[in-house]
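Structure first, commentary second.
The values are calculated or read from the model by the stated rules, or taken from the named source; none is laboratory data. Quantities reported herein were computed from a predicted structural model and do not represent experimental measurements. A quick note on method: Cβ atoms are made from the backbone with ideal geometry, for glycine too, and the neighbour counts reach across all protein chains shown.
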Amino acid sequence: MKLFEISRERFEVVHADITDGSEPALRFYILVAVSTLIAAFGLILNSTAVVIGAMLVAPLMTPIFGISLALVRGETNLFGRAIRAEIFGVIVAVAICFFVGLLLGDFEPTNEMLSRTRPTLFDLLVAVLAGFAGAYALVDEKLSPALPGVAIATAIVPPLANAGLCLSLGEVAAAVGSFLLFLANFFSILVVSSITFVLSGMAKSFGVREKGINLFRRFQLPIVAFLLITVFLGHSLFKIAQERQMARGIEQVLINETSLIPSTVLDDVQFYLEEEEDRIHVVAHVSTPAILTPTQVSKIEERLNQEIGMPIELIMHCKLSSNVSALGSVKNTIEQHLDGTLAKSAGNDTLKDIATTEQIIREYFSSENALDLNRVEVLPYGERRLLLAHVNGMRGLSPQEINELQNKTREATGDTSIELVISQIEKNINTTEGTMRYGWLLGKQGTPEKLEMRSQIRTELTAHFEGDNIYNLVNTSATYLDDTFHFLLEITGPEIYPRQKIERLQNQLAQKFNFPIVLYGWSRIEVVHGPEEWRSINELNAHFSERQKENLLEVVPLILEATRR
């Protein structure tokens, strides 16, 4: 044991330092208050650096050495002072953070706080090693500069500060866990430092070793408490290991299942074990081009039940997203690694074909910006492979265009059995002049002169139909091609608008403006009979919506919100 031998001079210095540091004086409690406040703000701000600063200032480790040395030497006075300093220091630390938490209000728990609510056997082992290092550094004067590092390792004050903050939030279980972490550190340092002091010869009289039976009697309570905490933390470590294994199983199943859904990525997984219900609640955050259906979620939930062996309630939190590559690229399929973050080319042929089809359609649409692709999915249809593309835009796709896209998809995928089906929703763009129809825009021809002439012609058209008791002009679109103005007139009425009237109106406008003009009449059979005179459905809806503005302001937002859900 020569490694632990201590000289008389060093013994006196160590004894004096521990005795002074264990004195429950005002300076001691000032340091407790300061270190606790630093720790509290570090925990709330989630700053590891600030929490480390609190560990360096904290004086609560020295009274533990004082209790240990008093038990080794049988010094009642030192024991009394050290135990008072430690107990009241703990009370002051918890109380200060409790009131700090109340003053700050309902703040959000941080990772620094959460990490100190569930101590394990590893925390106990760290405390054992730190206790030995601290006591040995005290005994050997050459190692004394290492004490600040020991103070950081032991972490006496942060668990107490965390306990006070948790109590202020009403989280009693978390506060108990944090205080248990403090007790683990306390008894570990106490027992291990006591053994170190005994081995170094710091007995009742210097150079005379204490009988083992007397030492055992003094350390009965600390040893029993240390063993109980060891068992408890060992059980806690076992439960955490089980939960981590369960988490890996849940995450792996979700990664495998979401990888089979086109362009869907698992972002995060959260789960909670409801012991009373013997059920696991899982929330999976995914990025996907379309909201998953209850049927898809049910299949994934069933797969989780089979893999984990416990009833699972699954909620898929969907965040809409799409995978897009540069023009000319069709290799934009993705697949997750086990960590769920990295992407590479997928191994699933169906997903590859879907991603390739999406890229081909997006490139085709990019030339005019009139159509948008939502997503592509596979439709089960016997032996045939149907790819359903959900599209919205200002115009419809012709059979020739669909055939061209289908041929490009077959060529890119190498599968000639693919059949492309389009599901399209019309998207209207409305302005002060009415609904913009695709193809009926002036574009680059929209010079100030032509815009002025278009406006004048529209005014004439509107005036012409205002005197018509049978037909109604609901929208006008115009374009300029081949030095000629072309106007599309959307006309509602009980029957088709006569061709002769269109030609006559066209000639009148051409003569008046001395400019080539061609009119196209789009007749829509649309009549709503009422007590006064007939109206178009748009006019009737506008009339009643104007009359019921107050009612609609209350009802319509509720309907739209329900629709979004």
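Laid out as a table, the results:
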| quantity | calculated |
| --- | --- |
| Region 39-48, residues that are in contact with a Leu (Cβ under 9 Å, 6 or more places away or on another chain) and β-branched (Val, Ile, Thr) | 44 |
| Region 102-122: number of residues that are part of a helix (DSSP H, G or I) and surrounded by 22 or more Cβ atoms within 10 Å (Cβ to Cβ) | 1 |
| Residue list for region 417-433, restricted to those being exposed (fewer than 11 other Cβ atoms within 10 Å of the Cβ) and in a loop (DSSP other than H, G, I, E, B) | 417, 428, 432 |
| Members of region 357-398 that are in contact (Cβ under 8 Å) with a residue 60 or more places away in the chain, charged (D, E, K, R) and either in a strand (DSSP E or B) or under 11 Å from residue 422 (Cβ atoms) (or both) | 375, 377 |
| Count of region 359-405 residues which are among the polar types (S, T, N, Q) and surrounded by 18 or more Cβ atoms within 10 Å (Cβ to Cβ) | 1 |
| Filter result for residue 189 (crowded, with 20+ Cβ neighbours inside 10 Å and either modelled with pLDDT of 90 or more or not in a helix (DSSP H, G or I) (or both)) | no |
| Only one of 56, 60 that is closer than 28 Å to residue 191 by Cβ, assigned by TED's automatic domain parsing to the domain that holds residue 26 and at pLDDT below 75 | 56 |
| Conditions (1) surrounded by fewer than 16 Cβ atoms within 10 Å (Cβ to Cβ); (2) not in a loop (DSSP other than H, G, I, E, B); number of the one not met by residue 409 | (1) |
| Qualifying residue in region 17-30 (condition: closer than 20 Å to residue 199 by Cβ and touching a helix residue (DSSP H, G or I) at 6+ places or on another chain (Cβ under 8 Å)) | yes |
| Residue check for residue 533: assigned to a loop (DSSP other than H, G, I, E, B), over 54 Å from the mean Cα position of the chain (by Cα) and at pLDDT 70 or above | no |
| Count - residues of region 22-41 that are part of a loop (DSSP other than H, G, I, E, B) and among the hydroxyl-bearing types (Ser, Thr, Tyr) | 1 |
| Restricting region 491-527 to residues that are touching a Phe, Trp or Tyr at 6+ places or on another chain (Cβ under 6 Å) and without any contact (Cβ under 8 Å) to a residue 40 or more places away in the chain, the residue that is surrounded by the fewest Cβ atoms within 10 Å (Cβ to Cβ) | 527 |
| Some residue of region 73-82 being of a type in the set (A, V, I, L, M, F, W, C) and crowded, with 24+ Cβ neighbours inside 10 Å | yes |
| Within region 480-518, tally of residues that are closer than 17 Å to residue 459 by Cα and of a type in the set (Gly, Ala, Ser) | 1 |
| In region 289-303, residue modelled with the highest pLDDT [restricted to those that are surrounded by 16 or more Cβ atoms within 10 Å (Cβ to Cβ) and closer than 16 Å to residue 377 by Cα] | 296 |
| Where residue 504 falls short, out of the listed (1) on the phi < 0 side of the Ramachandran plot; (2) modelled with pLDDT under 90 | (2) |
| Matching residues in region 451-501 - criterion: being assigned to a helix (DSSP H, G or I) and within 12 Å of residue 517 (Cβ to Cβ) | 453, 454, 456, 457, 458, 460, 461 |
| In region 74-88, the residues that are among the small types (Gly, Ala, Ser), in a helix (DSSP H, G or I) and over 8 Å from residue 24 (Cβ atoms) | 80, 82 |
| Number of the condition not met by residue 457 [criteria: (1) outside the structural domain of residue 488 (by TED's automatic domain parsing); (2) at pLDDT 90 or above] | (1) |
| Unmet criterion (only one of (1) under 30 Å from residue 177 (Cβ atoms); (2) modelled with pLDDT of 80 or more) for residue 274 | (2) |
| Every pair of residues 6+ apart whose Cβ atoms lie under 8 Å, when the first sits in region 406-432 and is closer than 21 Å to residue 375 by Cβ and not assigned by TED's automatic domain parsing to the domain that holds residue 476 while the second is in a helix (DSSP H, G or I) and of a type in the set (A, V, I, L, M, F, W, C) | 408/360; 409/360; 412/360; 420/402; 420/405; 422/402 |
